Amino acid sequence: MTRRLVSSGSPYEPAIGLSRAVRIGPWISVAGTAPLLDGATVHAGDLYAQTKQCLAIMLAAIAEARRHHRLDRAHARHAHRHRDLARRRPRPR
């Protein structure tokens, strides 16, 4: 199977063998993601906005890996703050 690496541009990637995402065949794995923009943390104290930033970074990496982006599974380190994560979720009609 073909292996494709997606870089985030971090200077640590070549030093420690990290990639933003790796695609092998139909599978894509995305590395842990932090709410960064131009190397600086954004939206300090706003878990919802930070989550949105992380998802945007992840979806961009998936798109670059040339796969339709469908989020099958995501893990949140601060699951006890689920209300903050879901505060702007659209309500079913």
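Taking 0.36 nm per residue of separation and subtracting the current Cα-Cα distance, fully stretching the chain between Glu64 and Trp27 would add 12.0 nm. In terms of the mean number of neighbouring beta-carbon atoms within 10 Å, the peptides 58-64, 27-33 order highest first as 58-64, 27-33. Our estimate of slack between Ala15 and Ala56, defined as 0.36 nm per intervening residue step minus the Cα-Cα distance, is 12.2 nm. Modelled label positions at Ser7 and His43, each set 7 Å beyond Cα in the direction of Cβ, lie 2.7 nm from each other.
Since every read-out is calculated from the coordinates, none of them should be taken as a lab result. Just so we're clear, the structure is a prediction, and the values are computed from it rather than from any experiment. Every residue, glycine among them, receives a Cβ derived from its backbone with ideal geometry; neighbour counts consider all protein chains shown.
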